[in-house]
Amino acid sequence: MRIFVTGAAAHLARPLLPALCQCDWVSAVCGVDLKASGFAHSKYTEHICDVRDPRLARLMLGHDAVIHLAFVVLRSHLGTQRKNRALVHDINVNGSIAVFESAALQGITRIVHISSAAVYGAWPSNTVLATETQARRSMPGFSYSQDKNAVEDWLDAFELRYPHTYVTRLRPHVILGAHAQAFLRLLLAQPFYPYFRAPLPLTQCVWEEDVVAAMLAVLQRDVRGAFNLAAEPALPFRDLLRLTHRYTFPLPFTALRWLHRAAWTVSGAGEEPGWMDGMRYSLAVDCARAKSELDWMPRYSTQACVTKMLGSPEFA
């Protein structure tokens, strides 16, 4: 199988590319990104290319499957353009559309889209554990959630146009690991958490290599639709901090939100304000479908994800 990977320099690509090249059923891997990945292997070739570039379709020629990772997750790396919402939307949504249309043009019938549990949104009406059938609902002011939903909305129509294409949407919760976003490590390394009355809102995470395992499983099966991916159990953010801190300190949510918004406005630190509103309500997912149809089981618990990442030598 010949695999085409967008976002080859992305955080999740770092564990994915070597895993793909180690598979005996993978004959070749081609990666595209705006910058070099730094990865080298005899099976691997790479092109510096924007996913919105018309050359993309030609580069896909001869491949059997596409894994779409290219997406602006956290915006601080955009520098002076971090608040350019039109640019972020263009990269995320129009770039994704270009990837899927290029794959269809080349007759590729297996597409793996890395979506997110953020498509459900964190709302007071959420069920205890969201299944893949729960309605998708974007969170205002959180462009990542909005753009992931916009892509999935578009894919709904795409699947009707190409019924013989296996389109799979993986919806991982917050991805932790040796290559995780630096902001996530900082968030877990600091001792402050928003104070809420019981019951406390629940959240989850998932280890990066467990997400890679799900991608490999999808490539070897004729499956369609969405699959939630998360470690267990779901826990309050406070309890995640207490795994690695002797002392933790509750602060009023309104104060934390104000401080975060001020930091974003002045310097762009802490990412855009909308994501923080999601901390008010639970967002936890049911992974029964992945366990049943992909034979997927996360190797790391929620607690292990946090302690393993903060104790990783890569972050020393």
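What about residue 221, is it in contact with a strand residue (DSSP E or B) (Cβ under 9 Å, 6 or more places away or on another chain), closer than 24 Å to residue 155 by Cβ, in a loop (DSSP other than H, G, I, E, B) and open to solvent by 20 Å² or more (accessible area, probe 1.4 Å)? Yes: the conditions hold for residue 221.
Comparison of 254, 265, 248 shows that the only residue that is β-branched (Val, Ile, Thr), at pLDDT 95 or above and over 19 Å from the mean Cα position of the chain (by Cα) is 248.
Is it the case, given these coordinates, that residue 24 is closer than 22 Å to residue 104 by Cβ, of a type in the set (D, E, K, R) and open to solvent by 10 Å² or more (accessible area, probe 1.4 Å)? No, not satisfied. Residue 233 falls short of the stated requirement of being part of a loop (DSSP other than H, G, I, E, B) and in contact with an Asp or Glu (Cβ under 8 Å, 6 or more places away or on another chain).
Criterion applied to 220, 190 was being at pLDDT 95 or above, more than 19 Å from the chain's Cα centre (by Cα) and of a type outside the set (Asp, Glu), and the one residue passing it is 220. Output the residue which, of all residues in the range 112-144 that are closer than 15 Å to residue 234 by Cβ, of a type in the set (Ser, Thr, Tyr) and surrounded by fewer than 19 Cβ atoms within 10 Å (Cβ to Cβ), is modelled with the lowest pLDDT. Taking the candidates together, the pick is 127. Criterion applied to 198, 213 was being in a helix (DSSP H, G or I) and either crowded, with 17+ Cβ neighbours inside 10 Å or free of Cβ contacts under 8 Å to residues at least 60 places away in the same chain (or both), and the one residue passing it is 213. Counting only residues that are open to solvent by 60 Å² or more (accessible area, probe 1.4 Å) and not in a loop (DSSP other than H, G, I, E, B), which one in the range 158-187 is modelled with the lowest pLDDT? Applying the filter and picking the extreme gives 182. Residue by residue through the range 44-61, note down the ones that are open to solvent by less than 50 Å² (accessible area, probe 1.4 Å) and assigned to a loop (DSSP other than H, G, I, E, B). 49, 50, 51, 53, listed by residue number.
Within the range 28-54, which residues are over 24 Å from the mean Cα position of the chain (by Cα) and at pLDDT below 95? The answer is 54, and nothing else.
Scanning the range 240-294 for residues that are free of Cβ contacts under 8 Å to residues at least 40 places away in the same chain and polar (S, T, N, Q) yields a count of 4. If the condition is being assigned to a loop (DSSP other than H, G, I, E, B) and touching a helix residue (DSSP H, G or I) at 6+ places or on another chain (Cβ under 9 Å), then the range 103-119 contributes 106, 108, 109, 115, 116.
Note on the range 62-84: residues that are at pLDDT 75 or above, assigned to a loop (DSSP other than H, G, I, E, B) and under 12 Å from the mean Cα position of the chain (by Cα) total 5.
The values are calculated or read from the model by the stated rules, or taken from the named source; none is laboratory data. Remember, predicted model here, so these are calculated numbers, not experimental data. Neighbour counts are summed over all protein chains in view; Cβ atoms, including those assigned to glycine, are modelled from backbone coordinates with ideal geometry. Protein only, heavy atoms only, side chains kept; ligands, DNA and RNA dropped before computing areas. Shrake-Rupley method; radii C 1.70, N 1.55, O 1.52, S 1.80 Å.
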